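To start, the structure under review is shown below, and the notes come after it.
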Amino acid sequence: MGMAGTVLVEIVGLKNAECCPFPCDENRTCGLSGCYPTGKLDTSFEELKKVLQNEYGNRVELKLTLIDSGAPEHIRSIIEAEYPPLPMILVNGGITRIGRISLDRIKKEIEKIF
């Protein structure tokens, strides 16, 4: 899980997937701007990581898990139980209902823990 007092945000998706079901546009409703206009999961993950670490420092750990060639056990059991939309946003191992990379909504989940 990471160090005590840290929150692990795990983004689970496919390598060439979009970061969310909506088109990437200049309004940036997701709250991130550094990855525009790619709309790509890996680029937006890097931007999310940068923004969250600027804000929370090492209290937040980010992990990108790509499941193109198979999912780790903890991810597989979530998929089998819940069929969540991709990308999945896990906070400390728990599935959230976010279903996209959205800065404000991910921060809300982090704040619940701190």
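The values are calculated or read from the model by the stated rules, or taken from the named source; none is laboratory data. As the structure is a computational prediction, the values presented were derived from the model and not from experiment. Ideal geometry is used to build each Cβ from the backbone, glycine not excepted, and the neighbour counts take in all protein chains shown. Each accessible area value is taken on the protein alone, full model and side chains, heavy atoms only, with ligands, DNA and RNA left out. Shrake-Rupley method; radii C 1.70, N 1.55, O 1.52, S 1.80 Å.
Taking only protein heavy atoms and a 1.4 Å probe, what accessible area per residue, in Å², does the chain have with all protein chains in place?
Roughly 55 Å² per residue, with all protein chains present.
Given a 1.4 Å probe and every protein chain left where it sits, what share in percent of the accessible area of the chain is carbon and sulfur?
Answer for the chain: carbon and sulfur cover 52 percent of the accessible area.
Rounding to the nearest 20 debye, state how big the charge dipole of the chain is about its Cα centre with +1 on each Lys and Arg Cβ and -1 on each Asp and Glu Cβ.
So the dipole magnitude of the chain works out to roughly 200 debye.
Starting from the Cα of Lys108, draw a straight line to each of the lysines and keep only those under 23 Å, dropping any in the same chain fewer than 8 residues away.
Lys40, Lys49, Lys50, Lys63
With the dipole of the chain worked out from charges on the C-beta (+1 for Lys and Arg, -1 for Asp and Glu) around the Cα centre, which of Gly93, Ile79, Leu66 lies farthest toward the positive end?
Gly93
Calculated FRET efficiency, Ile113 and Glu82, Cβ-Cβ r, R0 25 Å, to nearest 0.05?
Taking R0 as 25 Å, the efficiency between Ile113 and Glu82 is 0.75.
I'd like the projected area of the range 71-114, averaged over all directions, using the convex hull of its alpha carbons. Report it in nm² with one decimal.
3.1
Could you run the Karplus curve 6.51 cos²θ - 1.76 cosθ + 1.60 with θ = phi - 60° over the range 70-87 and give me ³J(HN,Hα) per residue in whole Hz, x for Gly and Pro?
x, 9, x, 3, 5, 6, 4, 5, 5, 4, 5, 7, 10, 6, x, x, 9, x
What's the longest uninterrupted piece of the chain once you rule out the trypsin sites (Lys or Arg not before Pro) that are loop residues per DSSP with at most 14 other Cβ within 10 Å?
The longest uninterrupted stretch comes out as 29-96.
Can you tell me the relative contact order of the chain? Whole percent, Cα pairs under 8 Å, sequence separation 6 or more.
39
Note the full-extension length gain between Arg28 and His74 as 0.36 nm times their separation in residues minus their Cα-Cα distance, in nm to one decimal.
Full-extension gain reported as 13.4 nm.
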